[in-house]
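The block underneath contains the structure these notes are about, expressed in structure tokens.
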Amino acid sequence: MDQSRPGILPAQSIAALHAAGGILTRQAFDADQVQPASLDLRLGRTAWRIRASFLPGATASVRQRLDDLALHKLDLREGAVLETGCVYLVELMERLKLPADIAGAANPKSSTGRLDVFTRVIADRTRAFDAIPAGYEGPLYVEVSPRTFPILVRAGSRLSQIRFRRGVGRLSDLELLNLQRDECLVDSDAPDVAAGGIAVGVDLAATSWSGLLGFRAKRHTGVIDVDRRAALEVEDFWEPIRARGAGSLVLDPDAFYILASREAVHVPADYAAEMVPFDPLVGEFRVHYAGFFDPGFGSAAAGGTGARAVLEVRSREVPFILEHGQTVGRLIYERMSARPNVLYGELGSNYQGQGLKLSKHFRPL
């Protein structure tokens, strides 16, 4: 591991951290578990249906809180269905014993977000979701709450991912503008850079997809097996949304949509990016559950020519009108502590060069 440079740890440093005992697991890593700038986290054998979401706080472990909150236990070794509207807690296979200068940040995987499955990683004695303090030693748990589709999971299913970070690698506004000039992070003639992020708008013109704007999730569908690829028919779970010339879309309260960014996005090999999931300044909706963009995303060097950011959108309590090109989020760029030995797209990634694309569980249209 590079012991000096701040930034996000690349795949080879994650493997070295595991070899040094910083990531502990009783079962060997899956062949594709280590990604260019993150590690997929696997569900363990046991899940608990709990009364409500919670944080353990600075003085308690997750297990101590479970004594009061658990309703019943599920054995995931043979698989179990997690129902919509319920909250579950699952102990993960991976435990951590981090060095004093390494912290972690978790997020749902892309496919998890595109199914509207809300996940948050919890560590013992913490006051924040998805934030693992530097030097943390102990187990990890994931809170899972399917919002639209019931899902079938089992021990070893991968719903979340974690990045490891040394120090601060986030770019300033000036550094981001310079990188935009040199690398074309988003294909915009007038990029909007503020608060350390570059703006991303929504595509409601649909000129690239034969008039298809996106998809609205259906209610009361069948179960989705999170480990099966290309097994489901799109029309059983989604309603296509067609362009009607207005360049706008009314979001229904509490409905779930898959849309695409107006701009093609590029993440250079020495950087990683993350989408800010919700900005209260741009509207009453949440965008992009799965915010990690790996080095090489949309890169010609990794088999891409720029890729759209798929936007997982849910309105809040009131209907909200989205207009074509409206800002829906910002991409935050950070330095890698070293260039990854493999880039996004070189692993046979599902979403390299993507346009408007549903999760890997559905057959192509």
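Restricted to region 271-282, and to residues that are in contact with a Gly (Cβ under 9 Å, 6 or more places away or on another chain) and open to solvent by 20 Å² or more (accessible area, probe 1.4 Å), which residue is modelled with the highest pLDDT?
Step by step, filter region 271-282, then rank; the result is TYR271.
Yes/no matrix, rows are residues, columns are (1) farther than 19 Å from ALA80 by Cβ; (2) surrounded by fewer than 21 Cβ atoms within 10 Å (Cβ to Cβ); (3) of a type in the set (S, T, N, Q):
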{"residue": "ALA123", "(1), (2), (3)": "yes, no, no"}
{"residue": "ARG127", "(1), (2), (3)": "yes, yes, no"}
{"residue": "ALA131", "(1), (2), (3)": "yes, yes, no"}
{"residue": "GLY138", "(1), (2), (3)": "yes, yes, no"}
{"residue": "SER145", "(1), (2), (3)": "no, yes, yes"}
{"residue": "LEU152", "(1), (2), (3)": "no, yes, no"}
{"residue": "ALA155", "(1), (2), (3)": "no, yes, no"}
{"residue": "LEU159", "(1), (2), (3)": "no, no, no"}
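The conditions are (1) under 16 Å from ARG339 (Cα atoms); (2) crowded, with 22+ Cβ neighbours inside 10 Å, and GLN12 fails exactly one of them. Which is it?
If we test GLN12 against (1) under 16 Å from ARG339 (Cα atoms); (2) crowded, with 22+ Cβ neighbours inside 10 Å, just (2) comes out false.
Note down all Cβ pairs under 6 Å where the first residue falls in region 123-146 and is in the same structural domain as ARG158 (by the TED database) and of a type in the set (Ser, Thr, Tyr), the second is surrounded by 18 or more Cβ atoms within 10 Å (Cβ to Cβ) and not in a strand (DSSP E or B), and they're at least six residues apart or on different chains.
TYR136/LEU98; TYR141/VAL62
Just for region 26-73: of the residues that are part of a strand (DSSP E or B) and without any contact (Cβ under 8 Å) to a residue 24 or more places away in the chain, which one is farthest from ILE151 (Cα to Cα)?
VAL34
In the set ARG26, ARG95, which member is open to solvent by 40 Å² or more (accessible area, probe 1.4 Å) and closer than 22 Å to PHE118 by Cα?
Going through ARG26, ARG95 in turn, the sole match is ARG95.
Regarding ASP173, is this residue under 18 Å from the mean Cα position of the chain (by Cα), without any contact (Cβ under 8 Å) to a residue 60 or more places away in the chain and more than 21 Å from ALA260 (Cα to Cα)?
no
Take ALA190 and tell me if it is of a type in the set (A, V, I, L, M, F, W, C), open to solvent by 50 Å² or more (accessible area, probe 1.4 Å), outside any strand (DSSP E or B) and under 22 Å from VAL287 (Cβ atoms).
Yes; evaluated as a whole, the condition is true for this residue.
Tell me, which residue of region 103-120 that is of a type in the set (Gly, Ala, Ser) and assigned to a strand (DSSP E or B) is nearest to TRP238 (Cα to Cα)?
Filtering region 103-120 for residues that are of a type in the set (Gly, Ala, Ser) and assigned to a strand (DSSP E or B), the one nearest to TRP238 (Cα to Cα) comes out as ALA106.
Within region 344-354, can one find any residue that is modelled with pLDDT of 90 or more, under 20 Å from VAL234 (Cβ atoms), open to solvent by less than 40 Å² (accessible area, probe 1.4 Å) and not aliphatic (A, V, I, L, M)?
no
I'd like the full set of residues that are assigned to a loop (DSSP other than H, G, I, E, B) and not aliphatic (A, V, I, L, M), limited to region 74-102.
ARG77, GLU78, GLY79, GLU83, THR84, GLY85, CYS86, PRO99, ASP101
Among what's in region 231-263 and is in contact with a Leu (Cβ under 7 Å, 6 or more places away or on another chain) and not in a strand (DSSP E or B), pick the residue that is modelled with the highest pLDDT.
VAL234
From the list LEU174, LEU89, LEU76, which one is more than 24 Å from PRO10 (Cα to Cα) and touching an Asp or Glu at 6+ places or on another chain (Cβ under 6 Å)?
Going through LEU174, LEU89, LEU76 in turn, just one is more than 24 Å from PRO10 (Cα to Cα) and touching an Asp or Glu at 6+ places or on another chain (Cβ under 6 Å): LEU89.
The values are calculated or read from the model by the stated rules, or taken from the named source; none is laboratory data. None of the values given here were measured: they were computed from a predicted structure. No Cβ is skipped: glycine too gets one built from the backbone with ideal geometry, and neighbour counts run over all protein chains shown. Note: areas computed on protein heavy atoms with side chains; ligands, DNA, RNA excluded. Shrake-Rupley method; radii C 1.70, N 1.55, O 1.52, S 1.80 Å.
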